[in-house]
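See below for the structure under consideration.
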Amino acid sequence: MASPPRMLLLGAGLSGGLLALALSELGVEVELAGGSLVDSATGWSYGGVPWWAGAANPLGELLATAPCRWDQLQQRHGELGLRRAHLWLHWPEQAPAQAVAKVQQGLAGLPQQPELTALPAQEAIEQEPLLAGADLGGVMQLPYWRIDPLGLQQGLERAWTVAGVQRRAPLPAAELQQRLESGQTVVLCSGAAMLALLQAMGLQAPPVLAFSWAGVGRCDGAQLSAERIVMPLLGQRGGRETAASGAAVICDPGLAPAPGGGLLVGQTSWFDRPIDDPPPVDQDFEQLSRVRSQLVPSLSEGSNGPFRLQQQPVAYSRDQQPLLGPLPGCPNLSLFTGFGGPFALVPALTPLMAQALATEDWSQIRGLGLLCR
Ligand SMILES: Cc1cc2nc3c(=O)[nH]c(=O)nc-3n(C[C@H](O)[C@H](O)[C@H](O)COP(=O)(O)OP(=O)(O)OC[C@H]3O[C@@H](n4cnc5c(N)ncnc54)[C@H](O)[C@@H]3O)c2cc1C
């Protein structure tokens, strides 16, 4: 009898973690290299599942299946941190009315038609006392789901053991090169580190693949009063990611439950910095402290505990389409990266990615326009 196929996955964050389970279900022997999920973008994410954010096309329809996919994953593998939540999109008092109305119209025209509720500033503060004193013009509420990163980490570790996924330490480029030369199938799920890894092996990275350094504040002594994620209605990161150049840093005023409890505050995105040179801590901290004064001015080090900074690099794709499948010219090395809204896209795409890897038939991924380019 032929022995089962073996694959090596690099990166034990959201993308590598779910892909390892999907491949195991297809009978593939999976070796998953990488450190703890705590040391990844996934580990410090807000974990919001933007299932309604897609266009009226097959990829948008797939994205809309994300809550159902997470539910199926939990039924199969046990608790993975899935929480029903709301997204609050807020704007400041002095925000241009026209810009606010334009985004609101866009939300009302979303093909998935999520239920929209407008909350005047006062009502939002009554529901969420942490926002007392915030610079708030109003809030749009949308249905949302959230994955708690700590719940995900614990659930994945349990599920990998049950599925027989072999865990091993992160792999340096030289060893990866040897594995590739021996003909082994390798999938890079290594997020932002992927660019440096490809470069170290003398391989050309896809031109649309990029990363930014993210910073987020954490305060253990404060909690949102319900399962909700607060983000800016007039966010700028998407526009900056698709632009060839622009501001060196974008700061999104947001709030989310921290992994396992506490509060995450803000998100900075630093562009055009090398992977081995995180942004200066004092400058990152200054950006996030401004968010704290704007959105949660009542937080104080005295009564809510220290405000700490976490920094992680995050991969993205300049054309906002993920990159799946063999790196051109390197058939046994595939990528699984570049997601916009990965907590919705990754669970929806992993069954297709696993099937394509197992059968070497990439037609479905090509049909969605996601084949590595
Ligand atoms: C503050 C913040 C808020 C966010 N909010 C949201 C949100 O609400 N919704 C959403 O969908 N997304 C959100 N994101 C983005 C999302 O968290 C990431 O895009 C996503 O988690 C990336 O998952 P990944 O598995 O592809 O990469 P990562 O989580 O970066 O994991 C890659 C892993 O590979 C490892 N690795 C690197 N090199 C090697 C090697 N040589 N060998 C083995 N392993 C290696 C890394 O150490 C890391 O553990 C947010 C991100 C941040 C920082």
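Worth a mention:
- For E25 and T161, the difference between the fully extended length at 0.36 nm per residue and the C-alpha to C-alpha distance is 47.7 nm.
- Charge dipole magnitude, Cβ of K and R +1, D and E -1 - the range 116-203, Cα centre, debye nearest 20: 560 debye
- The order of R292, R318 by accessible area, most exposed first and with a 1.4 Å probe, is R318, R292.
- Amide H partners (placed H, <5 Å) of T185, local residues excluded: L8
- Virtual paramagnetic centre 7 Å along Cα→Cβ of C68, amide N under 16 Å, in the range 350-373: 350-352
- Projecting the Cα atoms of P92, M353, V139 onto the dipole axis of the chain, where Lys and Arg carry +1 and Asp and Glu carry -1 at the beta carbon, places M353 farthest toward the positive end.
- Å² per residue, accessible surface of the chain at 1.4 Å: 42 Å²
- The chain: relative contact order as a whole-number percent, Cα under 8 Å and 6+ apart: 24 percent
- Nonpolar atom fraction for the chain, defined as the carbon and sulfur part of the 1.4 Å probe accessible area, stands at 52 percent.
- Rounded to whole numbers, the Karplus 3J(HN,Hα) couplings from phi for the range 141-158 are 9, 10, x, 8, 10, 9, 10, 6, x, 5, x, 5, 4, 5, x, 5, 4, 5 Hz, using 6.51 cos²θ - 1.76 cosθ + 1.60 with θ = phi - 60°, and x at Gly and Pro.
- Largest to smallest principal axis extent of the C-alpha atoms in the range 22-93, angstrom: 54, 32, 21
- Cα-only Debye scattering, the range 1-159: base-10 log of I(q)/I(0) at q = 0.10, 0.20, 0.21 Å⁻¹: -0.51, -1.26, -1.31
- The candidates D272, D220, D252, arranged from most to least accessible area with a 1.4 Å probe in the full protein assembly, appear as D272, D220, D252.
- Principal axis dimensions, the range 267-350 - Cα atoms, whole angstrom, descending: 56, 30, 21
- Close amide H contacts of A12 (hydrogens built in the peptide plane, cut-off under 5 Å, sequence separation of 5 or more or a different chain): G35.
- Taking every protein chain into account, the 1.4 Å probe leaves T117 with about 50 Å² of accessible area, to the nearest ten.
- The tail of the calculated P(r) for the chain beyond 26 Å holds 51 percent of all Cα-Cα pairs.
- Proximity of backbone amide H atoms, modeled 1.01 Å from N, is registered between R167 and L32 at under 5 Å, excluding neighbours fewer than 5 places apart on the same chain.
- Computed over the range 186-258, Cα set: Rg, Dmax in Å: 16.7, 50
- For the range 64-144, the C-alpha radius of gyration sits at 1.36 times the compact-globule guess of 2.2 N^0.38 Å, with N the residue count.
- Rounded to the nearest Hz, the phi-derived 3J(HN,Hα) couplings of the range 343-352 under the Karplus curve 6.51 cos²θ - 1.76 cosθ + 1.60 (θ = phi - 60°) are 5, 9, 6, 4, x, 6, 8, 4, x, 5, where x marks glycine and proline.
- Longest stretch of the chain clear of exposed loop sites (GluC sites (Glu not before Pro), DSSP loop, at most 15 other Cβ atoms within 10 Å, sites excluded): 228-359.
- log10 of Debye I(q)/I(0), alpha-carbon scatterers only, for the range 208-308 at 0.11 Å⁻¹: -0.35
- With N the number of residues in the range 70-216, Rg(Cα) / (2.2 N^0.38 Å) evaluates to 1.52.
- Rounded accessible area of S300 (nearest 10 Å², 1.4 Å probe): 50 Å²
- If you sort H86, H77 by accessible surface, 1.4 Å probe, largest first, the order is H86, H77.
- Remark: the Cα gyration tensor places the range 139-288 in the oblate category, a/c being 1.5 or greater and a/b not exceeding b/c.
- Look at the dipole of the chain built from charges on Cβ: of Q311, P5, G221, the Cα furthest out on the positive end belongs to P5.
- Tensor-based shape of the range 151-213 (alpha-carbon gyration tensor, a/c under 1.5 rounded, otherwise prolate or oblate): oblate
- Rounded to the nearest 20, the size of the Cβ-charge dipole of the chain about its Cα centre is 420 debye, with Lys and Arg at +1 and Asp and Glu at -1.
- Charge dipole of the range 222-373 (Cα centre as origin; +1 on each Lys and Arg Cβ, -1 on each Asp and Glu Cβ, all else neutral): 280 debye, rounded to the nearest 20.
- Put a dot 7 Å past the Cα of A200, heading toward its Cβ, do the same for E181, and the two dots end up 1.6 nm apart.
- For the range 214-373, the convex hull spanned by the alpha carbon atoms encloses 148 Å³ per residue.
- Only helical runs count toward this figure. For the chain, summing -39,500 (n - 2.57) over DSSP H runs of n ≥ 4 and dividing by all residues gives -10000 deg cm²/dmol at 222 nm.
- Selected from G81, V28, P297, residue furthest toward positive end of dipole (the chain; charges at beta carbon): V28
The values are calculated or read from the model by the stated rules, or taken from the named source; none is laboratory data. Quick caveat: nothing in here was measured; it's all calculated off a predicted structure. We place every Cβ from the backbone using ideal geometry, glycine too, and count neighbours over all the protein chains shown. Side chains included, ligands, DNA and RNA excluded: accessible areas come from the protein's heavy atoms. Shrake-Rupley method; radii C 1.70, N 1.55, O 1.52, S 1.80 Å.
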